[in-house]
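Data block below; observations after.
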Amino acid sequence: QVQLVESGGGLVQPGGSLRLSCAASGSIFSINAMGWYRQAPEKQRELVATITSGGTTNYLDSVNGRFTISRDDAKNTVYLQMFSLKPEDTAVYYCNADLTYLRGINRFRDNYWGQGTQVTVSS
């Protein structure tokens with residue numbers, strides 16, 4: 001059983017910073033790519049940032065230069081450091097992981113989502 005648990009969301013003023021964390025647990029063999037998505041009210045979920053097992057990153061244009069994604073493979077954890085937050089960054093942020101897990105002696109690859117954490121940017 002694999003779980004992703006996010007933390008670090010909250011209320012912050014415009015221009016402020018937050019750091020989101022997402023820890024994967026369970027019978028994990030390896031984690032391929034990890035990423036963060038967000039969904040604002042009445043909008044579709046959008047990709048915010050991704051990081052591969054080799055450390056290659058990719059960002060949504062509107063957050064490039066303000067957000068930084070990183071990962072700690074020893075802790076099976078991905079982070080999203082957010083600076084210069086704007087009201088339009090307000091959304092529920094979801095962690096995603098493409099990983100390989102173990103069931104007995106077999107390996108399986110699947111995609112998992114966290115439960116989401118609310119980020120609200122408001123004065």
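Worth a mention:
- Among residues other than residue 29 with Cβ under 14 Å from its Cβ, the summed charge is 0 (Lys and Arg +1, Asp and Glu -1).
- The reciprocal of the average 1/r between distinct C-alpha atoms defines the Kirkwood hydrodynamic radius, which for the chain equals 14.7 Å.
- Of the GluC sites (Glu not before Pro) found in segment 16-123, the ones in coil according to DSSP and having at most 11 other Cβ atoms within 10 Å of their Cβ are 42.
- Ranking 80, 105, 26 by Cα position along the charge dipole of the chain, where only Lys, Arg, Asp and Glu carry charges on their C-beta atoms, puts 105 farthest toward the positive end.
- Net charge of the neighbourhood of residue 66, taken over other residues with C-beta under 14 Å away and scored Lys/Arg +1, Asp/Glu -1, is 0.
- Stretching the chain fully between residue 42 and residue 3 yields a gain of 11.4 nm (0.36 nm per residue, less the alpha carbon separation).
- Anisotropy class of segment 13-54 from Cα gyration tensor, a/c 1.5 cut: prolate
- Average accessible surface for the chain: 55 Å² per residue, computed with a 1.4 Å probe over protein heavy atoms with every protein chain in place.
- Vicinal HN-Hα couplings computed from phi for segment 13-24 (Karplus, 6.51 cos²θ - 1.76 cosθ + 1.60; Hz; Gly/Pro x): 7, x, x, x, 10, 8, 10, 9, 10, 9, 10, 9
The values are calculated or read from the model by the stated rules, or taken from the named source; none is laboratory data. Predicted model only: the values in this text are computed from it and were never measured. Here the Cβ is made from the backbone with ideal geometry for all residues, glycine too, and neighbour counts use every protein chain on show. For the accessible areas, the whole protein counts, side chains as well, though only heavy atoms, and no ligand, DNA or RNA atoms are used. Shrake-Rupley method; radii C 1.70, N 1.55, O 1.52, S 1.80 Å.
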